[in-house]
Structures are given as C-alpha cells and as structure tokens.
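Heads up: the structure comes next, in structure tokens.
Readers should treat all values here as calculations from the given coordinates under stated rules, not as data from a laboratory. Since we're looking at a predicted model, the values are computed, not measured. Cβ sites come from the backbone with ideal geometry, for glycine too, and all protein chains shown count toward neighbours.
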Amino acid sequence: MDFDFTEEQRLIQQTARDFAAREIAPKASELDKNGRWPVEIVKQMGELGFMGMAVPTEYGGAGMDTLSYALAMEEISAACASCGVIMSVNNSLFCDPILKFGTEAQKKEVLTACASGQKLGCFGLTEPMSGSDAQTMATNAEKTSDGWVINGAKNWITNGPHADFILLFAVTDRSGPKIKHTAFIIPKGTPGFTLNPRDHKLGIHAAHSCTVFFEGCKVPDSAVVGNVGEGFKVAMATLDGGRIGIASQALGIAKAALGTSLGYAKERKSFGVPIAQHQAIQFMLADMAVELDAARLLTWRAATMKDKKVRHSMESAEAKLFASEMATKVAHKAIQIHGGYGYSTEFPVERNYRDARITEIYEGTSEIQRIVIAASVLKG
Ligand SMILES: Cc1cc2nc3c(=O)[nH]c(=O)nc-3n(C[C@H](O)[C@H](O)[C@H](O)COP(=O)(O)OP(=O)(O)OC[C@H]3O[C@@H](n4cnc5c(N)ncnc54)[C@H](O)[C@@H]3O)c2cc1C
C-alpha cells in the first residue's frame, strides 16, 4: 500500500496543523476546563472545508478523500480531541451516510448546508437500554397516510445540543422474524423532538452530548434516508467509515501526548541529567512512538480502502481498536514521564488521558471491534 501522500494531502495536513496550532491549541485547556462548546472553531472548521471533507464540492463539501480527512482529523484532535469529535460526527456520521444513501433533495437541502459548515448534524443510534446491541432499539416509527410518527429516546448524542439535524434510527417493522429499522433525517424544532441538558463526562468536555426525545414526532416520507427497512445497513456502513475518524482522533491524542512527553523529558532533570537520558524513560518514549506509528498505518490503510471503495469493515475495526487502546496506553505513559506534574491539570497530558478513554467506547466498544474482527478472520 502506497502512503506517498499527494500534494493535496500534504497541503491539507499542513493546513490543519497550522490552523490547529494557531487557533485551537491555545484554547484547548480553557475549552476543557469550562466545558465550552467551541462555537468559533466549529465555524472556522466549516470555512476551511473540514466539516464535509469527503463530500463533493457540488454538495458543499471539500471534495477530498478519506485519507485527507484522516490526516486533518489527527491534527485537529492533537490540539483538541473535543474539536476532533465534533468534526468527525458531522463528517462521518452525518454527511457520509446522506451522501451515500440520501435522495437528491436531501443532498441539496441538508447535505450542502452541513458539509459547508453552515449547519451541523448528529447521529442518533444509541438508546438508554441499547448500545452495543443497537438492533434491539426501542425507538419506533409508525407509518401514517402522509409520513411517520416517531416515539422514543436516544442518548449520548454528540453535537446533539447544537445540531440542526439528527440522523435518527428507528424500528419500522416488528412483524417478521427480524426487526427492520429505517433511518430518518429530522430537523431540530420539529414538534415532538426535544433535548435534555448536556451530559457531564470524564473527558471531551467541549464536545457536548445529550439525550434526545421523540414524542409523537411527525415527519414526512421525504425524511427517510435509504430504503424503508434498511436502516441498520445505513447505520453499519456509516460506522465502518466513522471508525476511521475515531481512530484518527486517537492518533491525534497520542501524538499530542508523545510530543509533550518528548519536550518534558529533555527539560526535566533528575540525578543531574535530563530524564530523557534514563533508559527507562527512553523505552517508554520508544514504545509510544512505535505504537503510534503502527496505529497510523492501520488507520491509513482503512482510509485508503474506503477511498478505493473496497469493503473495509474489518480494517476499520482493526484501526479503531488498535488506535484507541494505543492512545490510552500512550497517554498513560505520558503521565508517568511527567511524574507528579502529569497528574496536574496544569499540564495537558491529564486531558489527553481523559480524552483518550472515550475512543475505546464510542462507535463500538473495543469488545465490539474484536467481535467484528473475529467474525471476519473466522470467515476467512
Ligand atoms: C461521550 C459519548 C458520546 C457518544 N456519542 C454517540 C453519538 O453521537 N451517537 C450515538 O448513537 N451513540 C453515541 N454514544 C454511544 C456509544 O456508541 C455507546 O456508549 C457504545 O456503543 C456502548 O454502548 P453502551 O454504552 O450501551 O454499552 P453496552 O452495550 O451496555 O456495553 C456495556 C459493556 O458490555 C460490553 N459488551 C456488550 N455486548 C458485548 C458482547 N456481545 N460481547 C462482549 N462484550 C460486550 C461492552 O463492550 C461494554 O464493555 C456515545 C457515548 C459516549 C460515552
């Protein structure tokens, strides 16, 4: 596999790196401490084309490839993992499925607004009583003469408090041996669609999430995304792509933790020498660098396969599993290298540690990734 980046990919990477260093990194600690939604950064990311990176320009996107998206996601997430996931949800979990499964009208009206960053999307699959086993969702959409009536709740919806649209998954047929689901686009403000206050979490404090409710919420037939009864296919195809985004977010968190650790290890002295001269510290730095590189290769492979339109469920799961667990390990070592200061909120590595943890949970826990990978390897 060739990872000789094109001129365009290098440019995107550099643009994202410069933007993140200039506009995001100086605010990352404040965003985290105050749990402040980065309204100005979301706007700037839209202006730079980062909110719909792989969406064609005719639908408001930047017309780039998944590898460019992975490169940009790593840079943004290295500065602020919250900004990374806000971007990832809009790109991977909202724009991508509408591009793939949406009608022309949905692409013109909804995708164009969201890919260009003027509006924001979110993704509603998880429910209070069903997460990993999403097929067992309780949210129901009942057919009427002129549309659908939706009842249910979805929780942990990233971007939910600020999003203009939700891509919602609901059961539309329980009559057969297999439950059938359907995907819908629902604008905020639709009667019967309400939000809880935002969630309080261990990390990614600036990326707000919340529970959303649907009570007698009426939507027209034109809200259906893809075919009626095939919503689960939409959700699973979406997550194959989304996991590349989360793997890239994990790369960014680990890159930041390693970078800070390298600087600290050269400055901090013990027993008369910089701690970087102690072999124990060097070995930690070496392991961090190796694991980060390995995770990059898995992530870029999955991104390249997506661009080639080759089935990449297993490769995305491998990338997400390895990169997320790697990010936690790297951030853990980063705290160790910083000693007591690593445990202080004055240094960014404790934020990296808290932020890394979520990458092992959302868009499929590590256990679910292992199930996907095992099914693939057993099939041969
Ligand atoms: C901050 C945050 C943001 C999120 N954003 C979104 C979002 O935008 N949209 C959305 O739809 N969802 C979102 N989620 C939900 C997330 O995807 C789920 O939390 C995740 O899929 C796990 O589901 P669960 O929490 O219900 O855990 P459960 O499914 O109840 O799992 C609990 C534990 O059991 C394990 N487990 C479950 N089944 C198996 C099995 N068969 N074999 C082995 N182990 C198993 C799990 O791995 C886990 O360790 C978000 C979650 C968080 C915390």
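A few comments on the model shown:
- The Cys residues in the chain with no partner Cys Cβ within less than 4.7 Å of their Cβ are Cys95, Cys114, Cys122, Cys210, Cys217.
- Among Glu363, Glu23, Glu350, the largest mean-square fluctuation in a Gaussian network model of the chain (Cα springs under 10 Å) belongs to Glu23.
- Note on Thr136, Thr359, Thr126: ascending count of other Cβ atoms within 10 Å places them as Thr136, Thr126, Thr359, the fewest first.
- Eligible aspartates and glutamates near Lys218 by straight Cα distance, threshold 15 Å, same-chain separation 8 or greater: Glu142, Asp146
- Each of Val273, Val349, Val330 was scored by other Cβ atoms within 10 Å of its Cβ. Listed from fewest to most, they are Val273, Val349, Val330.
- Projecting the Cα atoms of Thr238, Val290, Gly189 onto the charge dipole of the chain, computed from C-beta unit charges around the Cα centre, puts Val290 farthest toward the positive end.
- Approximate spin-label separation Glu104-Gln14, in nm, with each point projected 7 Å along Cα-to-Cβ: 4.0 nm
- Ellipsoid semi-axes in whole angstrom, largest first, where each is sqrt(5λ) of the Cα gyration tensor of the chain: 36, 21, 20
- Globularity index of the range 122-231 is 1.04 (Cα radius of gyration / 2.2 N^0.38 Å, N = number of residues).
- Between Arg174 and Gln118, the FRET efficiency from the beta-carbon distance, with R0 = 41 Å, is close to 0.60.
- Calculated FRET efficiency, Asp4 to Ser222, Cβ-Cβ distance, R0 = 30 Å: about 0.10 to the nearest 0.05.
- Global form of the range 257-351, assessed from the alpha-carbon gyration tensor, a/c cut-off 1.5: prolate
- For the range 233-312, the equivalent ellipsoid built from the Cα gyration tensor has semi-axes of 37, 11, 8 Å, listed from largest to smallest.
- Candidates Gly61, Gly102, Gly339: whichever shows maximal mean-square fluctuation once the chain is modelled as a Gaussian network with Cα springs under 10 Å: Gly339
- Value of D in µm² per second that Stokes-Einstein yields for the range 1-86, Kirkwood Rh from Cα pairs, at 20 °C (1.002 mPa s): 162 µm²/s
- Mean ellipticity per residue at 222 nm, deg cm²/dmol - from DSSP H runs of n ≥ 4 across the chain, formula -39500 (n - 2.57): -15500 deg cm²/dmol
- The relative contact order of the range 122-231 comes to 31 percent, based on Cα pairs under 8 Å that sit 6 or more residues apart.
- Two-site label geometry, Lys201 and Thr57: point separation in nm, points 7 Å out along Cα→Cβ: 3.4 nm
- When only Cα pairs below 8 angstrom with a gap of at least 6 residues are kept, the chain shows a relative contact order of 16 percent.
- Gain on full stretching of the segment that runs from Ala286 to Arg22 - 0.36 nm per residue minus C-alpha separation: 92.2 nm
- Using alpha carbons only, the radius of gyration of the range 167-307 set against its Kirkwood radius gives Rg/Rh = 1.19.
- Length released on extending from Asp307 to Phe271, taking residue separation times 0.36 nm less the Cα-Cα span: 7.8 nm
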